[in-house]
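Novice: I have a structure here, written as structure tokens, and I will follow up with some questions on it.
The values are calculated or read from the model by the stated rules, or taken from the named source; none is laboratory data. Nothing here was measured: the structure is a model prediction, and the numbers come from that model. Don't worry about glycine lacking a Cβ; one is built from the backbone with ideal geometry, like all the others, and counts go over all protein chains shown. Note: accessible area is taken over every heavy atom of the protein model, side chains too, but ligands, DNA and RNA are not part of it. Shrake-Rupley method; radii C 1.70, N 1.55, O 1.52, S 1.80 Å.
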Amino acid sequence: MKKRAIVTGATGFVGSNLCRKLLSQGWEVGIIADSKFGFKNIEEIKNQLTISEDISLEAIVKFFKDYKAEAVFHLASLFVAEHEINQVENLIDSNIKFGSYILEAMRNSNTKLIINTGTSWQHYHTNDYNPVCLYAATKEAFISILKYYVEAEETRAITLKLFDTYGENDRRPKLINLLNKFAKEKTELNMSEGEQMLDLVHVDDVAEAFIKAFEYLEEQKVIKYEEFGVSSGREIKLKEVIEIFENISGEKVNVNWGAKPYRKREVMELWNSFKKLPNWECKINIEEGLKKYRKD
């Protein structure tokens with residue numbers, strides 16, 4: 001009998017790749033997706049998914065009861081590195097309220113396992129908890145709510161705290177896409193001094209981590225709640241990433257170093273005290289990942 005999963009954030013970059021991997025491994029996949037965000041990232045697999053576009057609490061509870069999934073992969077979130085006042089409500093709605101709806105739906109259904117998504121940015125200066133930004137703070141706030149459902153209900157959970165992600169079909173205005181764009185256009189890219197450290201994990205490895213986390217949670221019945229970091233195991237300066245990109249692409253990126261200031265709470269050193277997810281390792285290093293990206 002096929003396993004069933006409900007994926008939130010399925011129309012985003014990481015979520016869409018997770019859906020593809022789950023389908024390729026024989027899972028049935030249901031998603032909860034607000035149609036206003038579109039389905040561009042999952043267009044070629046959309047007809048293989050069971051889709052609920054109603055994000056009201058009542059509709060989500062009904063979807064969970066009807067779909068009877070073994071697990072939830074909760075990836076839906078709004079990322080904002082430095083928020084403006086008009087973004088606060090959306091951050092709370094996306095990162096706290098919607099996730100709470102998911103947990104309440106689990107409470108009212110037979111779906112009891114959830115793989116949640118956190119961020120390494122919850123650990124500024126590698127502290128146990130020191131949020132880089134409001135986005136990271138909302139991630140921590142949701143974990144506090146999740147722990148209530150773990151303690152008071154039958155929910156069992158793992159939170160995977162992600163570092164930077166990248167891959168071939170990424171539509172986000174992230175570093176690798178910017179490098180590719182500015183190299184092709186031969187235009188100048190304004191950057192900071194470039195001394196900050198990055199940990200880039202290919203999306204194929206990230207998707208595999210979610211599945212391995214489910215398998216671990218399913219096998220280890222004694223686990224109520226655990227957290228793991230999803231890291232490439234390699235810290236690289238921003239400047240070095242650009243050098244690697246240029247070597248692999250054969251194209252020069254015209255970088256204006258120091259043209260932009262560092263962010264108010266720029267991550268200069270990476271969180272390093274995380275636990276590693278058992279039975280998972282990063283298989284695609286940055287050089288291999290960029291070669292895959294350039295072939296796309």
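Novice: Express the relative contact order of the chain as a whole percentage, based on alpha carbon pairs under 8 Å and six or more residues apart in sequence. Before the final figure, lay out each step's value.
Specialist: Working: 538 pairs, mean separation 54.7, N = 296.
Relative contact order for the chain comes out at 18 percent.
Novice: Could you report the chain's accessible area per residue, 1.4 Å probe, as an integer in Å²? Intermediate values should be presented prior to the final figure.
Specialist: Details: 14310 Å² over 296 residues.
It amounts to 48 Å² per residue over the chain.
Novice: Compute the relative contact order of region 105-186 as a whole-number percentage, counting only Cα pairs closer than 8 Å that sit 6 or more residues apart in sequence. List each step's numbers first, then the result.
Specialist: Values: 72 pairs, mean separation 28.4, N = 82.
35 percent.
Novice: Using just the alpha carbons, could you tell me how many Å³ per residue the convex hull of region 1-139 encloses?
Specialist: With only Cα atoms used, region 1-139 gives 120 Å³ per residue.
Novice: Per residue of the chain, what 222 nm ellipticity follows from adding -39500 (n - 2.57) for every DSSP H run with n ≥ 4, rounded to the nearest 500? Each step should come with its number before you reach the end.
Specialist: Values: 9 runs with 107 residues, N = 296.
Computed mean residue ellipticity for the chain: -11000 deg cm²/dmol.
Novice: Let me ask something else. I want the local charge near Met1. Using Cβ-Cβ distances under 14 Å, sum +1 for each Lys or Arg and -1 for each Asp or Glu among the other residues.
Specialist: Around Met1, the surrounding residues sum to +2.
Novice: Given just the C-alpha atoms of the chain, how large is their convex hull per residue in cubic angstrom?
Specialist: Values: hull volume 40.1 nm³, N = 296.
That works out to 135 Å³ per residue.
Novice: Among Ala141, Leu75, Ala33, whose Cα sits farthest toward the positive end of the charge dipole of the chain (+1 at Cβ of Lys/Arg, -1 at Cβ of Asp/Glu, about the Cα centre)?
Specialist: Ala33
Novice: For the chain, find the longest principal axis of its Cα atoms and tell me its angle to the long axis of helix 175-185, 0 to 90°, nearest 10.
Specialist: Relative to the chain, helix 175-185 is tipped by roughly 40 degrees.
Novice: Count charges around Ala81 for me, please; just the other residues with Cβ under 14 Å from its Cβ, Lys/Arg as +1, Asp/Glu as -1. Provide the component values of the computation, followed by the final result.
Specialist: On the way: positive: Lys139, Arg172, Lys174, Lys260, Arg263, Lys264, Arg265; negative: Glu82, Glu84, Asp164, Glu266.
Cβ neighbours under 14 Å give a net charge of +3.
Novice: Note the direction-averaged projected area, equal to a quarter of the hull surface, for the Cα convex hull of region 219-258, in nm².
Specialist: Details: hull surface 22.3 nm².
With the hull built on Cα positions only, its mean projection is 5.6 nm².
Novice: Using the Cα atoms of region 185-264, I'd like the radius of gyration and the largest Cα-Cα distance, Dmax, both in angstrom.
Specialist: Rg and Dmax of region 185-264, Cα atoms, are 18.4, 56 Å.
Novice: Scan around Thr50 for amide H atoms under 5 Å from its own, H built in the peptide plane at 1.01 Å from N, and keep only partners 5 or more places away or cross-chain.
Specialist: The answer is Val29, Gly30, Ile31.
Novice: Over region 85-150, what relative contact order in percent results from Cα pairs under 8 Å that are six or more residues apart?
Specialist: Numbers: 44 pairs, mean separation 25.0, N = 66.
Reported relative contact order: 38 percent.
Novice: Hey, any idea what the orientation-averaged projected area of the convex hull of region 1-65's Cα atoms comes to, in nm²?
Specialist: Details: hull surface 17.3 nm².
Average of the hull's projected areas for region 1-65 equals 4.3 nm².
Novice: While we're on this one: Placing unit charges on C-beta atoms (Lys and Arg positive, Asp and Glu negative, everything else neutral), compute the dipole magnitude of the chain about its Cα centre in debye, rounded to 20. Walk me through the numbers on the way to the answer.
Specialist: Numbers: 42 positive and 46 negative charges, 88 e Å.
Here the size comes out at about 420 debye.
Novice: Mind jotting down the three principal axis lengths of region 107-208 based on Cα atoms? Whole angstrom, largest first.
Specialist: 56, 30, 19
Novice: Next up: Springs between alpha-carbon pairs under 10 angstrom, Gaussian network model over the chain: which of Leu78, Leu146, Leu103 fluctuates most?
Specialist: It is Leu78.
Novice: What FRET efficiency would be calculated for the residue pair Gln220, Leu57, taking the C-beta separation as r and a Förster radius of 30 Å, to the nearest 0.05?
Specialist: Values: r = 31 Å, r/R0 = 1.02.
Once rounded, the FRET efficiency stands at 0.45.
Novice: If you take the C-alpha gyration tensor of region 136-289, multiply each eigenvalue by 5 and take the square root, what semi-axes do you get, largest first, in whole Å?
Specialist: On the way: eigenvalues 241, 63, 32 Å².
The three semi-axes for region 136-289 are 35, 18, 13 Å.
Novice: Could you pull out every residue, at least 5 positions away or on a different chain, whose amide H is within less than 5 Å of the one on Thr159? Hs are placed 1.01 Å off N in the peptide plane, and Pro or chain starts have none.
Specialist: For Thr159, whose amide H was placed from the backbone, the distant partners under 5 Å are Asn116, Glu226, Glu227, Phe228.
Novice: Would you mind telling me the share, in percent, of accessible area of the chain contributed by carbon and sulfur at probe 1.4 angstrom? Before the final figure, lay out each step's value.
Specialist: Working: 6670 of 14310 Å².
Heavy-atom surface of the chain belonging to carbon and sulfur, 1.4 Å probe: 47 percent.
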